[in-house]
Structure formats: C-alpha cells, structure tokens
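Colleague: Pasting in a structure now, in structure tokens, and then I'll have a few things to ask.
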Amino acid sequence: MKQQVSLNDSVIDRNHRIRAAWLLTGIAEPMRGGCVVVRGRRIIDIEERALGPIDIDLEDVVLMPGLINSHTHLEFSGLSSPLSAEGGFVEWVRKVIAYRQERWGDFTSPLQIERRRLDLQLGLEEAVQCGTAVLADIATHPYPLPEVLDAAATHPVMIWGLGEVLGWTEQRRQEMRLAFDGMSEQAKAYCEDRLPTGNDTNQLGNDRSDHNKNDGCIDYRWGISPHAPYSTSPRVIQWCIERSRLSKQVLAMHVGETLEEMEWLANRSGVFADLLERIGVGNVPSLPQWKTARDYLNHLSRAWRALVVHGNYLGIEDWELMAQHREKMSVVYCPRTHQHFAHNRYPLLAMRQAGVRVVLGTDSRASNPDLNMWEELRTVAAGGCGLGGQEILGMATMEAATGLGIANVLGSIEAGKLARFSVAKILEPGHLAVTPKLIWEHLWDRRDVALPQSFGL
Ligand SMILES: [Zn+2]
C-alpha cells in the first residue's frame, strides 16, 4: 500500500474501482489483480481484470471481506493482559467479578461511568484497527452508551449489543428484566433518532431495509444473551428465547464451556453446585426438560438466531441437533481463549463434518491478550485443523454473517453488499507472485503479513 487506504464521502456519488494484488471474495478462488467496483456504501461489481480506470490500486495487499467477531465482551478491554486461568474456571470467574467491582463498582460515580465508556471505546477501536467489520458484544448494564456508538459511527463497523440476562431468584429475574428493558429502550431511542422518518424501527436492525444509504443506524443492532445454564434459570432462558423470536433478535448463550458445567448439568454436583449454594441459590430444581446440554440446545433452537458460545464439551448428538438447525444455530469457537483455559482439543473438524456451522470469536481481554480476529484465524490455521484457507476465513466471514442473519449485507465481497473490507499487506513483494493456493500460506505466516486493517465506508 503506497498510501493510507481510505474511502470517504467523496466517493459516494460515483463508481470507484479498487484493484488489489489479490482479491479474496470469500465465494470464489483468490483472484490475482482482481477489482471491486464500489458506489456509495455498496459493492456494485467484481472484475477478475480491471474493465476501466483504477481509482485505488492496492499493489501489495490482499483484499478480503471485513472480519466478523461473533463473540466478545468489550467491557473488559481495559485489561492489559488476561486474568490468569490458574485455579480453574470458577476461580477465573471470581477474578472477573472482583475486577468488575474494583473498576466500576456500582456505577454510581461519574468516574466509574467514564471509565466504562473508555473501556468500551478502547475495545471497539482495537477491533476496527485489526480489520473487524462486525462485533457481537455481550452487553451488561449500563449499556449502550451513546458516546461509544457515536464513535463507532465514524468507523466501518457494525455492532451488535446482546443484552445479558442471568439469575435464579424471582427478585433477580425482575431486576435483570428491568435492566434489559432499559438497555433495549436506549438502543431503540438511539436508532430512532438517527433514522429518516418512514423507516420501520420496530425490528431493531435485523429485518430492516438496508438500502437507504442515509440509514444512520445501519451499524447498531440489538439482541439478547442469557448467560449460561449454571447462572440462568430455565424460566429466564425461556423468556429470552421468546423475546428473540418475537423481535427477531440474535440470542447468544455460553453452553458446554467447561467440564465442570457438564458435571453440574449431569449430576447437579461439583464446583458450580458449591458456587450456587454459596451465593444462596441452593438446590436448583431439576426440571424435566432442562437436564442435559442437549435439552438447552433444543430450546435454543427455537430462537430467531442462536449463537451457542464455546460448545467445547458438547457431544455428537448435540452436534447433530445443531446441524439440523444450522440455518438458525451456530457454535462460536474462540481459539485463543480455548488455549488460555487449556481445554481439551477443540473438535473443529468433527463438528464441521457433522454439519455444524462453526464461527469464530475472540471472547474478551479477560481471557485473550487482544481482540485481533486475524490472530484467531492464524491460531486455527496453525493448529493442523485439516481445513483449507477458504474454509478457515469463512468462519470469520460468510458463515458468521449467516449465523447472525446478515449475509444479505456482509460476509463476502459480492455485488449488493456493503463495501466493508479487511486488507492485509504482504511484506515481501515476491510472495505476491504465487499460486492461489500458496497465497493462503503467506497470509497465515506472521513474517509475511502486516496486521490487517479495516477499509470501507
Ligand atoms: Zn463470553
């Protein structure tokens, strides 16, 4: 790249032809010297060879679809290094709770609120700098913060706030519901303020027409996240599922993350039973339809779209169920977080062969050193997963867009979609003159590629 790559409002009203050393559309073989023609926010054509004058020539870069991070918690972006996993998962959760308390307390002081705003913004900026075009962020109260969303509006990035809900007792359920409704209202108000009159704002984001280039809220969408089986009662989860169905909202839930969770599901024993006892929830009644991970998945399959986060210890029958519902259900693998907890090897290939849609996420800085999706892709490639380059990239692009219900606007470089890209600069020009197959090898090699950036409108 000879120049700082940027698209700005000056290109809105005319066609712009962008040529890249390599173009990876996500749906076709890599094209050497391929071009994308952009008008306004949209891609209007793909050309294997330039059919007209070049406006932007990316001579030493690989141009790819913008990356999709299907699971993160931006609120922990103020952490400079992950919280140690020593002592096991429950111990780590304790550290997370202590960190939250120390950093934000109960959000009563302006300083605490300001610190939170900065943390969210830090994470957002970091993700964008690494070529991320979409973030599915677990949102806890207070959220969203208009200042953060306004900052996001200056970047080519779409944020999903997935409002977290958890708890066992009736009192907690009421508190959570109030907090969630407050966040939803704030999200709705934020979008309504920015929509031209006449647009339907009842279905926040998911089914709206994105054809209006003045739609100021194209990049902010709202969903729901019951936390995990051990922290959230079936009654609350059921409410979240209904909410997802009625409002066409993405639902994300941590399921099958640890062996301890699987033990709790199977026998209501182990560290999670102790934890619930300690926090005063005590013996949780074993409801007939909510005994195994598969029971939870069965219920989640009724959501409008469900992201099953982690799924590290799910079994073959669970995979079969998720495969049956693959149009609406995806599992989110977070490779470096998986390594952080030294879990058993992730059954990526077997899951995919069973027909499960697997997408990728960074999780948060509480379990990952950064929010760079490119490092997640590299980790998968380096792990001998048995997948080709296109399949690996697909988990952070087309598969992920389908999982979130936004494949009509993002996930690949195709006519009609948003002009949101990630660009990877190849450091050794000689490495550009290779076969399509070899370009992947260079892409995954840290010595060959500079940190990808976001590029688009
Ligand atoms: Zn998470």
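Colleague: Among 402, 435, 392, pick out the residue whose Cα is farthest towards the positive end of the charge dipole of the range 382-451, where Lys and Arg carry +1 and Asp and Glu carry -1 on C-beta, about the Cα centre.
Modeller: Highest projection toward the positive end goes to 402.
Colleague: Can I ask one more? Just to confirm a number: summing +1 for Lys and Arg and -1 for Asp and Glu over residues other than residue 111 whose beta-carbon lies under 12 angstrom from that of residue 111, what do you get? Could the numbers behind the result be given before it?
Modeller: Numbers: positive: 103, 115, 116, 117; negative: 114.
Net charge around residue 111: +3.
Colleague: Helix-derived [θ] at 222 nm for the chain: sum -39500 (n - 2.57) over DSSP H runs of at least 4, divide by residue count, nearest 500?
Modeller: After summing the helix terms and dividing by residue count, I get -10500 deg cm²/dmol.
Colleague: Please order 183, 395 by the number of other Cβ within 10 Å, starting at the fewest. Can you show the working numbers first?
Modeller: Values: 183 21, 395 28.
Least to most surrounded, the residues fall as 183, 395.
Colleague: Now, a different point. Charges at C-beta only: +1 for Lys and Arg, -1 for Asp and Glu. How large is the resulting dipole of the chain about its Cα centre, in Debye rounded to 20?
Modeller: Working: 48 positive and 57 negative charges, 103 e Å.
Charge dipole of the chain: 500 debye, to the nearest 20.
Colleague: Please list, in chain and number order, the residues 5+ apart from residue 225 or on another chain whose amide H is under 5 Å from its amide H, with Hs placed from the backbone.
Modeller: Amide H to amide H, under 5 Å and 5 or more residues apart or across chains, residue 225 pairs with 163, 164, 165, 252.
Colleague: In sequence order, what are the phi-derived ³J(HN,Hα) couplings for the range 375-381 according to the Karplus relation 6.51 cos²θ - 1.76 cosθ + 1.60 with θ = phi - 60°, rounded to whole Hz, with x for glycine and proline?
Modeller: For the range 375-381, the Karplus-derived couplings read 5, 5, 5, 5, 5, 5, 5 Hz, x marking Gly and Pro.
Colleague: Can you give me the Kirkwood hydrodynamic radius for the chain, using every pair of distinct Cα atoms, in Å to one decimal?
Modeller: Working: mean 1/r = 0.0443 Å⁻¹.
Across the chain, the inverse of the average 1/r is 22.6 Å.
Colleague: Then there is this: Just want the answer: with Cβ charges of +1 for Lys and Arg and -1 for Asp and Glu, which residue in 128, 24, 107 is farthest toward the dipole's positive end in the range 1-138?
Modeller: Most positive-ward Cα: 107.
Colleague: Run through the DSSP bridge list for the chain and note the antiparallel percent, rounded to the nearest 5.
Modeller: Details: 22 of 59 bridges.
Of all bridge pairs located within the chain, approximately 35 percent are antiparallel.
Colleague: Let me check against my output: what whole-number percent is the relative contact order of the chain, with C-alpha pairs under 8 Å and at least 6 apart?
Modeller: With pairs under 8 Å counted, the relative contact order is 22 percent.
Colleague: Please list 412-424, 268-280, 382-394, 233-245 highest first by mean number of surrounding beta-carbon atoms within 10 Å per residue. Walk me through the numbers on the way to the answer.
Modeller: Values: 412-424: 22.2, 268-280: 15.0, 382-394: 16.5, 233-245: 19.1.
Most protected by this proxy first, the peptides run 412-424, 233-245, 382-394, 268-280.
Colleague: Using a Förster distance of 30 angstrom, determine the FRET efficiency expected from the C-beta separation of residue 111 and residue 170, and round it to 0.05.
Modeller: My answer for the efficiency is 0.35.
Colleague: Within the set of other residues whose C-beta is less than 15 Å from the C-beta of residue 229, count the net charge using Lys and Arg as +1 and Asp and Glu as -1.
Modeller: Working: positive: 235, 268, 291, 294; negative: 164, 257, 260, 261, 263, 295, 318.
Cβ neighbours under 15 Å give a net charge of -3.
Colleague: Apply the Karplus curve 6.51 cos²θ - 1.76 cosθ + 1.60, θ = phi - 60°, to the phi angles in the range 239-255 and return the couplings in whole Hz, x for Gly and Pro.
Modeller: 4, 5, 5, 4, 4, 4, 5, 5, 9, 6, 10, 5, 10, 10, 9, 6, 9
Colleague: Further, regarding this structure: Report the percentage of all Cα-Cα pairs in the range 89-199 whose separation exceeds 25 Å, rounded to a whole percent.
Modeller: Numbers: 1768 of 6105 pairs.
Here the long-distance tail beyond 25 Å is 29 percent of all Cα pairs in the range 89-199.
Colleague: What span do the alpha-carbon atoms of the range 297-359 cover on each of the three principal axes, reported in whole Å from largest to smallest?
Modeller: Each principal axis gives a Cα extent; for the range 297-359 these are 32, 20, 16 Å.
Colleague: Please arrange 345, 100 by how many other C-beta atoms lie within 10 Å of their C-beta, fewest to most. Don't skip to the answer; put the middle values down first.
Modeller: Working: 345 9, 100 15.
The most exposed by this proxy come first: 345, 100.
Colleague: Using unit Cβ charges (K, R positive; D, E negative) and no other charged atoms, how large, in debye to the nearest 20, is the dipole of the range 14-132 about its Cα centre?
Modeller: Working: 15 positive and 17 negative charges, 76 e Å.
About 360 debye.
Colleague: Right, here's the next one. Mind running the shape call on the range 375-435? Use the C-alpha gyration tensor, a ≥ b ≥ c as the square roots of the eigenvalues: rounded below 1.5 for a/c, prolate if a/b tops b/c, oblate otherwise. List each step's numbers first, then the result.
Modeller: Working: a/c = 2.47, a/b = 1.34, b/c = 1.85.
Because a/c hits 1.5 or more and a/b fails to exceed b/c, the range 375-435 counts as oblate.
Colleague: Related question: Only Cα pairs under 8 Å and at least 6 apart count here; give the relative contact order of the range 259-337 as a rounded whole percent. Mind dumping the intermediate values first?
Modeller: Working: 69 pairs, mean separation 19.6, N = 79.
Here the relative contact order equals 25 percent.
Colleague: Here is a further query. Taking the chain, how many lysine pairs are there with alpha carbons less than 17 Å apart, if each pair must be eight or more places apart or span two chains? Spell out each step's value before the answer.
Modeller: Working: 2/425; 188/248; 213/417; 248/328.
Close lysine pairs found across the chain: 4.
Colleague: Once a ≥ b ≥ c are taken as the square roots of the eigenvalues of the Cα gyration tensor of the range 341-395, is the result rounded (a/c under 1.5), prolate (a/b larger than b/c) or oblate (a/b not larger than b/c)? Can you show the working numbers first?
Modeller: Details: a/c = 1.84, a/b = 1.47, b/c = 1.26.
Prolate, because a/c is 1.5 or more and a/b exceeds b/c.
Colleague: So, counting K/R as plus one and D/E as minus one, what does the shell of residues with Cβ under 15 Å around residue 50 add up to?
Modeller: Details: positive: 17, 19, 32, 49; negative: 45, 47, 48, 55, 57, 59.
For residues surrounding residue 50, the net value is -2.
Since every read-out is calculated from the coordinates, none of them should be taken as a lab result. Worth saying up front: this structure is predicted, and the values here are computed from it rather than measured. Don't worry about glycine lacking a Cβ; one is built from the backbone with ideal geometry, like all the others, and counts go over all protein chains shown.
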